[in-house]
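For reference, the structure discussed in these notes is given below.
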Amino acid sequence: MAKTYIVGNWKMNLNVGESSIYLHKLLKRLKIARGVEVIIAPTTIALQPLSLQIDRKRLKLAAQNFYYQDFGAYTGETSISALKGIADYAIVGHSERRYIFKETDKDINKKVAAAIRNNITPILCIGETESEKIFGETKDVLRDQLIGGLSEVSLEDLKKVIIAYEPVWAISSTKGARLAAPDDIAASVNIIREQLKALYGKAAEGIPLLYGGSVNPSNAGAYLTIPGVNGLLIGGSSLIADHFIDIIDLAKRVVR
Ligand code: PEP
C-alpha cells in the first residue's frame, strides 16, 4: 500500500511553548493511521524539545531548513547532521527559501545530497511562479528544478526522496494567491512524473509526490484524489490543529 503523506509546515510561527501546546492537542486526537504518515515542521529551535514529546508511531518531525555542510565555521547555521535523531524529514527548496533567501538550484542540490547522506528524507519543493505560468514556462521550470535538485541523487537513493509540487502563485503567503484547480495540478503532476521517468526510468514510479498550495479542510479531499498525488504539504491550515486533524482524517479515508 502506498503511503499518503500529510506534512504541516509551520514556517516562522509558534514559539517553543506554543509548539508544545499545539503538539499536546494534536497527540490527544491523533491515532495511529495505517498508510498515513503525519509530519510537522516546526521552527528549528522547537525541533529538539518536540522530539522528546512526540510519539514517532503517530507523528514525525521535519526540519524547515538547514545548511548543507555537516560541521565547520558557518556562524549561525544548523547542519543537517545536528538534526539526526531529531528530524526524520527536511523540507528543501521551499519557494520562500528560493525567492526570499535567494537559494539556487545548486544550494538546493547540495541540501538534498546532505539530507540523504545523513539519513533524513528530503522533501524537495518545486513549482512555477505566476509569471512563469503566464508565459507558458511551467514545464521548463519544473524540469530545471527537478534536474537541479536531484542531480546528485543516484538511482539507489531515489527511494529516499519526496517531491512536493507547490505552484508559487497558489501558496497563501504569496500576494494575491489563488487556489489551483485540480486539473491544473494534474497537468503539472504528469509533467513531473514524465520528467522523473526520463531521469530514472521505472524506479521513478515509486517516488511520493505531494501537492501544496493553500490546502484547507474544504479542498484537501479533492487534491488528495488527483491521480499521482501521494499527499499534501500544508502551510497556513496546519497552524490550526483542528483543521490539520480534519485533513489527516480525510487522508485516512482516501488511503490507496
Ligand atoms: C507551504 O508553505 O508550503 C504552503 C503550501 O503554504 P500554504 O498552505 O499556506 O499555502
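Ranking request for peptides 3-16, 100-113: highest mean number of other beta-carbon atoms within 10 Å first, then the rest in descending order.
3-16, 100-113
If we count every other residue with Cβ under 15 angstrom of Lys139's Cβ, Lys/Arg +1 and Asp/Glu -1, where does the sum land?
-3
Divide by every residue of the chain the summed helix terms, -39500 (n - 2.57) for each DSSP H run of at least 4, and state the resulting mean residue ellipticity at 222 nm, rounded to the nearest 500 deg cm²/dmol. Let's see the in-between values first.
Details: 9 runs with 97 residues, N = 256.
Computed mean residue ellipticity for the chain: -11500 deg cm²/dmol.
Where does each of His94, His24 land when they are ranked from fewest to most other beta-carbon atoms within 10 angstrom?
In order of increasing Cβ crowding within 10 Å: His24, His94.
Quick one: if the Förster radius is 25 Å, what FRET efficiency do Lys252 and Lys202 give, using the C-beta to C-beta distance and rounding to 0.05?
0.30
Take Asn13, project a point 7 Å from its Cα along the Cβ direction, then tell me which residues of region 164-189 have their backbone nitrogen under 17 Å from it.
170-179
For the chain, what number results from the quotient of the Cα radius of gyration and 2.2 N^0.38 Å? All intermediate terms of the calculation are to be shown ahead of the outcome.
Working: Rg = 16.9 Å, N = 256, 2.2 N^0.38 = 18.1 Å.
For the chain, the normalised Cα radius of gyration comes out at 0.94.
Please arrange Tyr22, Tyr99, Tyr211 by how many other C-beta atoms lie within 10 Å of their C-beta, fewest to most.
In increasing order of surrounding Cβ atoms, one gets Tyr99, Tyr22, Tyr211.
With θ set to phi - 60°, apply the Karplus curve 6.51 cos²θ - 1.76 cosθ + 1.60 along region 132-143 and write out the HN-Hα couplings as whole Hz, x wherever there is a Gly or Pro.
Working through the residues one at a time gives 4, 5, 4, 7, x, 9, 3, 4, 5, 5, 5, 4 Hz.
Please go through the residue pairs Lys102/Lys139; Lys111/Lys252; Lys110/Lys252; Lys106/Lys175 and name each one whose alpha carbons sit more than 29 Å apart in this structure.
Result: Lys111/Lys252; Lys110/Lys252 exceed 29 Å.
In nm, what is the difference between 0.36 nm times the number of residues separating Thr75 and Leu27 and their Cα-Cα distance?
Going from the current span to full extension adds 13.8 nm.
Please work out, to two decimal places, the log10 of the ratio I(q)/I(0) at q = 0.18, 0.23, 0.25 Å⁻¹ from a Debye calculation in which every Cα of region 181-256 carries one identical scatterer.
-0.72, -1.01, -1.12
Can you put Glu132, Glu18, Glu156 in order, fewest other beta carbons within 10 Å first?
Going from least to most buried by this count: Glu156, Glu18, Glu132.
Cα centroids of region 21-39 and region 124-170: how far apart, whole angstrom?
Rounded to whole Å, the Cα centres lie 29 Å apart.
Which far-off residues, 5 or more places away or on another chain, put their amide H under 5 Å from the one on Leu232, with H placed in the peptide plane?
Tyr5, Ile6, Val7, Tyr211
Work out how much length Lys84 to Arg117 would gain on full extension: take 0.36 nm times their residue separation and subtract the Cα-Cα distance, in nm to one decimal.
Numbers: separation 33, 0.36 × 33 = 11.88 nm, distance 1.07 nm.
Full-extension gain reported as 10.8 nm.
Under a crude label model (7 Å from the Cα following the beta-carbon direction), how far is Asp144 from Arg58 in nanometres?
Simple spin-label model gives 4.5 nm for this pair.
At a 10 angstrom cut-off on C-beta neighbours, averaged per residue, how do the peptides 199-209, 40-50 rank from highest to lowest?
Ranking the peptides 199-209, 40-50 by packing returns 40-50, 199-209.
Would you please give the residues with an amide H less than 5 Å from that of Val36, counting only those at least 5 places away or on a separate chain, with H modeled from the backbone geometry?
Counting only residues 5 or more places away or on other chains, the set is Thr4.
Can you tally the net charge around Arg29? Count Lys and Arg as +1, Asp and Glu as -1, for every other residue whose Cβ sits under 12 Å from the Cβ of Arg29.
With Lys, Arg at +1 and Asp, Glu at -1, the net is +1.
In region 37-154, what is the volume of the convex hull around the alpha carbon atoms, normalised per residue and reported in Å³? Mind showing how you got there, number by number?
Values: hull volume 14.0 nm³, N = 118.
Dividing the Cα hull volume of region 37-154 by its residues yields 119 Å³.
On a full-extension model of 0.36 nm per residue, what is the gain between Glu137 and Ile240, subtracting their alpha-carbon distance, rounded to one decimal in nm?
33.6 nm
Just so you know, all these numbers are worked out from the coordinates, no wet-lab data involved. None of the values given here were measured: they were computed from a predicted structure. Every residue, glycine as well, gets a Cβ built from its backbone with ideal geometry; the counts of neighbours run over all protein chains shown.
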